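Read the structure below first, then the notes.
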Amino acid sequence: MSKPIIGIIMGSQSDLKVMKEAAEFLEEVEIPFELTIVSAHRTPSRMVEYATNARDKGLKVIIAGAGGAAHLPGMIASMTSLPVIGVPVRSSNSIDGWDSVLSILQMPSGVPVATVALNGAKNAGILAAQIIGAFDKAVAKKLDAYKKGMKERVEESAKSIQKKGWKES
């Protein structure tokens, strides 16, 4: 794999079951990424180092997943001008995920974090790819093919239902 241009970080190992979906999508469209654990609460100096060195390492977008208080995406965004995509993770200590959603979504002016749905790491991967694809024609072409494939799968599903005699509403 060539030099990573997207960073995927998460607050703990338990977040990997959600965050792997971003990695799997980026592998599918062949965008190089790195994946690691960076805890805002347990390893704050590691978090600062990651955020402040991300651009120099060649990263162009950071996907940050966190559960519970979910400070990681916002703290990373406060220390870099790279786009940060936050993934709220429903964790064992969360309030059904709402604490994570609101912690990532309600950022103060000047520190934006693009926020996807609860456990929406795949969409975070897609959004990161779209950001890269805005400036990279090869990535844009892969995303166009992905979107075309989604359309074709829906159309096939519709045909399958229609063959069974069900009518569309």
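Descriptive notes on the structure:
- Test: residue in region 57-75 that is assigned to a helix (DSSP H, G or I), in contact with a Phe, Trp or Tyr (Cβ under 9 Å, 6 or more places away or on another chain), of a type outside the set (S, T, Y) and within 19 Å of P108 (Cα to Cα): no
- Matching residues, region 66-100, being surrounded by 23 or more Cβ atoms within 10 Å (Cβ to Cβ), in contact with a Leu (Cβ under 9 Å, 6 or more places away or on another chain) and not hydroxyl-bearing (S, T, Y): A66, A70, I76, I85, G86, V87, P88, V89
- Applying a threshold of 8 Å to beta carbon distances and a minimum spacing of six or more residues, or different chains, the list of pairs starting in region 28-49 at a residue that is within 17 Å of G67 (Cβ to Cβ) and ending at one that is loosely packed, with under 14 Cβ neighbours inside 10 Å reads I37/Q13.
- Index of the failed condition, I104 passing every other in (1) assigned to a loop (DSSP other than H, G, I, E, B); (2) without any contact (Cβ under 8 Å) to a residue 40 or more places away in the chain; (3) aliphatic (A, V, I, L, M): (1)
- Every residue from region 101-110 that is buried (at least 20 other Cβ atoms within 10 Å of the Cβ) and out of contact with any helix residue (DSSP H, G or I) (no Cβ under 9 Å at 6 or more places or on another chain): V101
Read the figures in this text as sums done on the coordinates, not as results from a lab. Not measured: the values here are computed from a predicted model. Note that we place each Cβ from the backbone using ideal geometry, even for glycine, and neighbour counts take in every protein chain shown.
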